[in-house]
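Just below is one structure, and these are the notes that go with it.
Values quoted throughout were computed directly from the atomic coordinates according to the rules given, and no laboratory measurement underlies them. Here the structure is a predicted model, which means the values were calculated and not measured. Glycine also receives a Cβ, built like all others from the backbone with ideal geometry; neighbour counts cover every protein chain displayed.
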Amino acid sequence: MAERRTIALIAHDKMKDEMAEFASRHRQFLKDCKIVATGTTGGRVQDAAPDLDVTRMKSGPLGGDQQIGAMIAEKKVAMLIFFVDPLTPMPHDVDVKALMRLAILYDTPMALNRATAELLLPAIG
């Protein structure tokens, strides 16, 4: 039996509703995956799709972005879906940049918006 892929889900600020809806809409695909998510995002995803296997990390600004970054560096994440709210200031901008840098460095597929996420999901299937 093949090992289930791990997908990281992160959504900032006003994008959390969109991430919860995205996970619920794609639950048939995501149910075959392990999901790691930052704290609040993970809670919202669990509420929207309780049948998904979600492991919640710390909140992004409290270290969750870095926890997921470490998993990327250890090659434990197959894809990062990171819905960024481009109209909200990010007080933890350095954490966000570090996470994105690690995804790029370790050649981890990364979607920063819904359209890209929907294209990437079937590609890693």
Please identify the longest segment of the chain free of exposed GluC sites (Glu not before Pro), where exposed means a DSSP state other than H, G, I, E or B and no more than 10 other Cβ atoms within 10 Å. 4-73
Kirkwood hydrodynamic radius over Cα pairs of the stretch 6-124, then Stokes diffusion coefficient at 10 °C and 1.306 mPa s, in µm²/s: 115
If you stretched the chain out fully between R4 and I124, how much longer would it get, using 0.36 nm times the residue separation minus the C-alpha to C-alpha distance? 42.1 nm
Okay, which of the stretch 40-62 sit inside 17 Å, backbone N to the point 7 Å along the Cα-Cβ direction of F29? 49, 52-53
